[in-house]
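Here's the structure we're looking at; comments come further down.
Every number in this text was worked out from the coordinates using simple rules, so none of it is lab data. No experiment lies behind these values; they were computed from the predicted model shown. Here the Cβ positions follow ideal geometry from the backbone for every residue, glycine too, while neighbour counts run over all protein chains shown.
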Amino acid sequence: MKNRLLSLILLLLSLPAHSQWFEKEFEVMGTIARVEFETESEQKAQLLITDVIDEMNRVDQLMSPFKTTSELSKLNQQAAKHPVQISDELYRLLQRSAYYSNLTQGAFDITFSSVGYLYDYRNNKKPTKAQKESLVSSINYKSVKLSNQLSSVKQSIVQFKNPNTKIDLGGIAKGHAVDQCIKLLQKSGIKNAFISAGGDSRVIGRKNGRLWYIGIRHPRNKDKLIVNLPLENTSISTSGDYERFFIQDNIRYHHIIDPKTGDSSRNSQSVTILAENSVDADALSTSIFVLGPVKGMALVNTLPNVSAIIVDINGKMTVSDDLVNAN
Ligand code: ADP
Ligand code: MG
């Protein structure tokens, strides 16, 4: 009897554990992040959830413009005075930002913050006309000089060529954080997962054997979806003028800035980008928003493995060529 009981226990232990779904929502980078994945053990799931939260917070500590101790703040404090050595991680993100500035002829520009730092959307604050006029010429990604010095050790160095330059990675850092967390889950053998930070999401594998469904909200009605997309192994990012904004004298002031004017970009209401990873989807959703539906869609249609859904300033929706053909 005892022996039989023992062998039954051994048999149960040797059976493959049953996969379960785990999920967690938490606050980071001034927004809500979410992780959802499938794994066999509760213990492993809890460890991975902690790892994901830690990783998002680590990226935030590095790149937040609001934390005076972040590496990014150090650049804003010092790089106009002298060259500053930074981490490879931040350096690579600055290089990726410069790549998108060149690709979009300056629509994506992390130095938007030279004027952008004067907006405070929570407290309905914007720069005065005089401030905007005097600082708008300081928005220029070419003022950020990157150099990789290969002496005995590799050094990544940044210098600002303009005393008024300020940078902000809000248009690309969340995408980076999502990519980092997906990598972390994949390294631990996770095959099916979803991660989001604000409007930046990435899915791997499937949800219960089916494609993932991700809805894009109507820019003027938060209870309505404009589309619900079936996805697999894709990143999806949305930039909208309804995320952080205030309305004054019937004008909407929101957090996506046109580098040419230092004012909120008024070419689109929302732009959704599908791409292979979240850094690219994030940078492109901000960029295409600023470029607007005509120039923006023309650019998207030249990029391999990139799709777009644009809602223009009048609420009209257009999709990239590959999505039209997919219907
Ligand atoms: P979120 O997910 O925070 O809504 P988005 O991807 O829509 O972010 O990008 C908006 C953020 O990008 C802004 O909060 C700001 O930090 C940054 N940003 C605004 N305008 C530009 C621009 N022209 N180029 C690069 N980054 C920008
Ligand atoms: Mg973005």
Would you work out the charge dipole size for the range 29-103 about its Cα centre, treating the Cβ of every Lys and Arg as +1 and the Cβ of every Asp and Glu as -1, and quote it to the nearest 20 debye? 620
With 10 Å bins from zero, work out the P(r) of the range 105-196 over every alpha carbon pair and list the percent per bin. 14, 29, 28, 21, 8, 1
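Rounded to the nearest 500, what is the 222 nm mean residue ellipticity of the chain from helices alone, with -39500 (n - 2.57) per DSSP H run of 4+ residues and division by all residues? Don't jump to the answer; show the numbers that get you there.
On the way: 9 runs with 114 residues, N = 327.
Taken over the chain, the calculation gives -11000 deg cm²/dmol.
Rounded to the nearest 0.05, what FRET efficiency do Asn228 and Lys74 give with R0 = 45 Å and r taken as the Cβ-Cβ distance? Could you check? Show your work: numbers first, answer last.
Working: r = 42 Å, r/R0 = 0.94.
Rounded to the nearest 0.05, the efficiency is 0.60.
Please go through the range 60-90 and write out the trypsin sites (Lys or Arg not before Pro) that DSSP classes as loop and that have at most 16 other C-beta atoms within 10 Å.
Working: sites: Lys67, Lys74, Lys81; in loops: Lys67, Lys81.
Those satisfying the criteria are Lys67, Lys81.
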Ranked from highest to lowest mean number of other Cβ atoms within 10 Å per residue, what is the order of the peptides 30-38, 107-115, 253-261? 107-115, 253-261, 30-38
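Cβ under 13 Å from Arg206's Cβ, Arg206 left aside: what net charge do those residues give with Lys, Arg +1 and Asp, Glu -1? Mind dumping the intermediate values first?
Values: positive: Lys191, Lys207, Arg210; negative: Glu36, Glu38, Glu232.
Computed value for this residue: 0.
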Compare the Cα positions of Gly296, Ile139, Thr104 along the charge dipole of the chain (+1 at Cβ of Lys, Arg; -1 at Cβ of Asp, Glu; about the Cα centre) and return the one farthest towards the positive end. Ile139
Where labels lie 7 Å past Cα in the beta-carbon direction, separation of Asp321 and Glu25 in nm: 4.0
Dipole magnitude of the range 60-169, debye to nearest 20 (Cβ charges: Lys/Arg +1, Asp/Glu -1, about Cα centre): 260
Equivalent-ellipsoid semi-axes of the chain, from the Cα gyration tensor, Å, largest first: 39, 26, 18
What is the dipole size for the chain, taken about its Cα centre, with +1 at each Lys and Arg Cβ and -1 at each Asp and Glu Cβ, in debye to the nearest 20? 340
Return the whole-Å distance between the Cα centroid of the range 152-226 and the Cα centroid of the range 15-48. 17
Using a ≥ b ≥ c from the Cα gyration tensor of the range 130-254 (square roots of the eigenvalues), is it rounded, prolate or oblate, where a/c under 1.5 gives rounded and otherwise the larger of a/b and b/c decides, a/b for prolate? oblate
